[in-house]
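Please treat every number below as a calculation from the coordinates, not as lab data. Remember, it's a predicted structure, so these values are computed and weren't measured experimentally. Positions of Cβ are backbone-derived with ideal geometry, glycine not excepted, and every protein chain shown enters the neighbour counts.
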Amino acid sequence: MSNHKILKLCLVVLFLGAGVIWLFTGSVTTTASIIAGGELVTATDSAPFDDRYVGSDTCAACHDAQFKKVAGTKHGKLHTLSSWKGKVVGCESCHGPGKDHVESSGDVTKIISFKRLDSKAASESCLSCHAGKEAHNNFRRGEHWRNNIGCTECHAAHGPDLPKFELGSSIRVGGSSAQNSGQAEKAMLRASDPQLCVSCHTEVKAQFNKPFRHRVMEGTMNCSDCHNPHGGFESKQTKLSVGADAACVKCHTNKQGPFVFEHGPLKIEGCTACHTPHGSANPKMLKRRQVRQLCLECHTGITEELSPGVPSFHNQSQVRYQQCTVCHTAIHGSNSHKAFFR
Amino acid sequence: MKITNGIMPTVSRALLMIAAVGVFSAAYGQTPSSSPGVQTNTGEPTINTSVELGVRGLEVNGDHEKFRSDLNYRAGFRLFDSSILIEEGRSQFRAFDSALIQASGWGSDPTGSFRMNMDRIGLYKFDSSVRRVRYFNNLKDHVPTWSQPVSTGSQHYANTLHHFGDFDLTIFPERDLRFRLGYGFNDTKGPGSNTLRFRGDEFQVDSEIDTRSDDFRAGVEGKLLGFNLGVLYGHRMFKDGTQFIVSSLNPGNNPAPTTASLNTASRIYQTRGATNFGNFFFQRTILDRLDIGGRLIYSEVTSEVSERDVLTGRLSATGNIVTQNDIVVPAFNKRPQTRGDLGMTVRATSKVRISNTFTFDQFNISGSNTYFEFAALISNTGTPQTPTTTSTSSWRQFGYKRYSNLLEADFQVNRAFAFNVGYRYTHRNVGVFVSDRNLISGAITDSGGEEHENSTNSFIAGAKVKPVSNWTIYADVERGQSDNVFTRLANNDNFNFRVRSRASAGSFTFNLSAITKDNDNPGTSVPVGSGSTAIPATEAIANTKTRIFSGDVEWSPSPSFSLNAGYTYTDLTSNVDVILPIGTPIFSPTRWQFGSSEFYMRDSFFFFDVFAQPHKRISLYAGYRFNDDQGQGDRVISRPQDLITSYPMRSHNPEVKLAIRLTRNIDWNLGYQYNSYSEDPFTSPFSTPAILFPAQNYTAHMPYTSLRIFFGPKAGDR
């Protein structure tokens, strides 16, 4: 039996086994917690609802603005769910029990204040509920985590302000003129997807202003169409699509293959071996102006393994042989010609 | 109409799904909890809407094809950025809690998008997007007709419409057992052109591009034995029915009268592809100290191809006429792929975390085809010639296996300082196996294949410093090897460094960043040539250096004024040793030459955006984008074996916009955009015949006017 068949069988058995166990066992809850000042504080999920908790209405007495704001969000509506019955919801689900804080007349050291937490500790609080979703599972090992960019840098847990209407360019936009000015954002984001990202990744904004580019700043695409800001197993936190293929294949479907004659770099190194996806002055977002330059840097005879040099009749003083893709049209892969002629 | 036909069933299906969700949710009741939650507001739905409809004018001077390839805006009606946010009250029969609908660019824009996100807490979450891209590409410096002294266009142009959409529904998103359903589609249609080889020459042929894919996804997620688990099954159907047609005499690229010509040609690709994949993931946080998560993906992609060519024309040299040339190529390919990932993070102390991430990827592509060709010929005097028949089969296997392990530790020293260090090891194996057979003679060409493996090591480190509460500095560095240089196969020695600073002071926000990337790919050439022109084994490198410096400032002193300006400088130099064949008219006979391939980018990008509201009824916006790439500067080619290129170009994009508040709910906008693009012409000094790619300069004036209509409590806030 081949490796792939064994793997397929394992997946099926795993799936069926999980289903069976599911049927015969009850739901198991976990205890989640966060770190505040080096001390572990249990805040949510199966934590007992005891007399240390005062309820959100008590919080509202002093924090009326935050109370009203969070009320309109999912965070403020969890108490309506039967599945959350018996769990701590409301302000104290994130900020911890408030009794000591109340009894000390608002002593900020007696409550979990996110302003006082480092970004990793603050993120741990969010992850105690949000870690189970596949997209979030790798946050603790992602680039943003590594660089101390926490959840609250991009998301507003109390709900973002509905932005004030402000004029902005209808083609390209800058940092201050929100792309969808005057518009709300999903996922409690503090700003629209590309604007939020380019506010740190400023060099990418320049790339998206090149003549050939993916239309991200125009709003047709989002950064999160290709990248997972919450981390992932792929380089540059790119997403996979259609199973285990590169994110590009989701839209560029005719490049997915498989082909009889594969152009190796396409599948092994990925599209970025030849293209610059954020933007380029070169046609087709290629890395070089001339196609032959791109081809010859690999097919040059420096090594012969897997990337043969061009044959000697490709006289480079003849214009004809400088236009590689005139003949090698099916450069992404061919089913009928080993030199990608068709 | 064709396009409408293609997309309507999809939209109908989507609407049906939305309606079903709405009905389902309306019938579903919730049980309020006695937990100390935040009490939500009761009452009527809240609607915040801003819709902008208008018309754009357009005048393009200069190179229209380049303008369309870059921007492709058209004159006419268009929908500007518009959104509707509806937040429902607490009615038991509400279909959703909130619905956010955003749309932009429909009408005369080249790209349009429609997004809808709606949810009802405890019941469902629905995210959807439908997008349209009007793609055009016809450039004078990309695949030109090589026999023309001055390029007039590309032989590979395209003018297509691309529709794509995604619909994702999660049922019971906040519960321990969740269901996920998804559908996506991709549709590309339109005319284009391509080149077709026939009897030693190339011919530009018209094509009708027609591809479509449909994706289906279904999965379940939940908690079991303390683990967050999920499985997802997906299926993609893909079809390509692209055709190439020549219906009249086509002399081909070679202008010589004795060379081949095509009278008629048709090529039909019928490709049917399918992808089936399963994705299993798990995650658990154990004892608040160990976070463990993993993923296993198995996918199997197949494609079944049937290519049929029917051609007639004339042969070169002999002048014989091809009265019938039929080619039939059936092919079948399969790619099973397995990806496994496992990540663990241990919180050793409250300040120290240690993580390990292991990834594994393996696939095998096996493909085979049978090539059958029949050609009937007559001489130019009408005498029948002996027909030719070719029949071959090809088999290829492409194997890839890679695993990588990253071990890292991060230390949160205090709230103001954190750093991390890590080490990554990667190993991979690539193999290609080739077998060709002549089905007439029975001769087999079996290369036996090639196999290559390599390993790389990298060290990473990073730090975050917060000198004061409103200033943060991030820095990270990576030193080691990367294996993403398939072609040269030696490991790519790299050194990457990145530092960012974000600071705010009063109404100012400052961002600064510097990025450097150094990549060296050492190698040794194989000996080529013979005699006095032989090139022995020589050390050869591929070297790329990138320097990016970027900064911007935001100043928002009051709600009625804001300024944002920034500058980014990108300096990229790539220098690659190459060995090229150079022949007549420079060398005869052709000889191999050791040269270099250089590419330069010296790009400055500057922008500013200003918003001002001098009067409560008047708002002003002004923006400016400037892009200037100096490219290779004064470097010129002095030897035929050197390739030195860049793309020196400049673009200016100013825009002004005036908004006048007519009523509480309506603004009248008047705007003007200008696009100026210029580039340097390009020629190859050692090319025969000399060919010139002329500068594709253009300017575009785009005035527009629109009405933005507001609804909802926020309408009067502007």
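Quick look at the numbers
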read-out: Length-normalised contact order of region B:642-718 in % [C-alpha pairs under 8 Å, at least 6 apart]; value: 31
read-out: Averaged over B:532-541, number of beta-carbon atoms from partner chains that fall within 10 Å; value: 1
read-out: Most positive-pole-ward Cα, B:400, B:412, B:389, against dipole of region B:336-466 from beta carbon charges; value: B:412
read-out: Dipole magnitude of region B:633-718, debye to nearest 20 (Cβ charges: Lys/Arg +1, Asp/Glu -1, about Cα centre); value: 540
read-out: Around residue B:263: net Lys/Arg minus Asp/Glu count, Cβ-Cβ under 14 Å; value: 0
read-out: Chain lengthening between residue A:116 and residue A:239 when straightened (0.36 nm per residue, less Cα-Cα); value: 41.0 nm
read-out: Mean separation of Cα contacts under 8 Å, 6 or more apart, over the residue count of chain B: relative contact order %; value: 8
read-out: Charged-residue dipole, Cβ positions (Lys, Arg, Asp, Glu), region A:257-327 about Cα centre, Debye nearest 20; value: 400
read-out: Shielding of A:135-144 by partner chains, average beta-carbon count, 10 Å; value: 6
read-out: Separation in nanometres of the label points that stand 7 Å from Cα toward Cβ, at residue B:672 and residue B:306; value: 6.0
read-out: Estimated [θ] at 222 nm from DSSP helical runs (n ≥ 4, -39500 (n - 2.57)) normalised by residues in chain B, nearest 500; value: -1500 deg cm²/dmol
read-out: In nm, spacing of pseudo-spin labels at residue A:100 and residue B:508 (7 Å Cα→C-beta vector); value: 4.1
read-out: Percent RCO, i.e. relative contact order, over region B:333-372, from Cα pairs under 8 Å lying at least 6 residues apart; value: 50
read-out: Residues B:516, B:386 arranged by fewest to most Cβ contacts within 10 Å; value: B:386, B:516
read-out: Span from the region B:410-454 Cα centroid across to the region B:91-168 one, whole angstrom; value: 34
read-out: Estimated dipole of chain B in Debye, rounded to 20 [Cβ of Lys and Arg +1, of Asp and Glu -1, Cα centre]; value: 1760
read-out: For region A:257-327: rounded, prolate or oblate by the Cα gyration tensor [a/c cutoff 1.5]; value: oblate
read-out: Phi to ³J(HN,Hα) by Karplus 6.51 cos²θ - 1.76 cosθ + 1.60 over region A:232-243, Hz, x for Gly, Pro; value: x, 8, 8, 4, 6, 6, 6, 8, 9, 9, 6, x
read-out: Acute angle (nearest 10 degrees) that the helix B:2-26 long axis makes with the longest principal axis of chain B, alpha-carbon atoms; value: 30
read-out: Debye intensity ratio in log₁₀ form over the Cα atoms of chain B, taken at each q of 0.11 Å⁻¹; value: -2.02
read-out: Stretchable slack from residue B:272 to residue B:547, in nm (0.36 nm times residue separation minus alpha-carbon distance); value: 94.5 nm
read-out: Cα shape, region B:525-640, gyration tensor, a/c 1.5 rule; value: prolate
read-out: Ranked B:662, A:306, criterion: other C-beta atoms within 10 Å, fewest first; value: B:662, A:306
read-out: Shielding by other protein chains, A:212-220, mean Cβ within 10 Å; value: 5
read-out: Sorted by Cβ density within 10 Å, fewest first, the residues B:361, B:214; value: B:214, B:361
read-out: Between region B:522-592 and region B:345-406, the alpha-carbon center distance in angstrom; value: 28
read-out: Candidates per trypsin sites (Lys or Arg not before Pro) in region B:466-567, loop by DSSP, up to 11 other Cβ within 10 Å; value: none
read-out: From phi via Karplus (6.51, -1.76, 1.60), per-residue ³J(HN,Hα) for region A:105-118 in Hz, x at Gly/Pro; value: 6, x, 4, 5, 7, 9, 9, 7, 9, 5, 5, 9, 8, 6
read-out: Under 18 Å from the Cα of residue B:189 - lysines, other chains or at least 8 residues apart; value: A:250, A:255, B:2, B:239
read-out: Gyration tensor over alpha-carbon atoms, the protein assembly as shown, equivalent ellipsoid semi-axes in Å; value: 52, 33, 30
read-out: Spin-label pair residue B:208/residue B:447, simplified geometry with 7 Å Cα→Cβ offset, distance in nm; value: 3.7
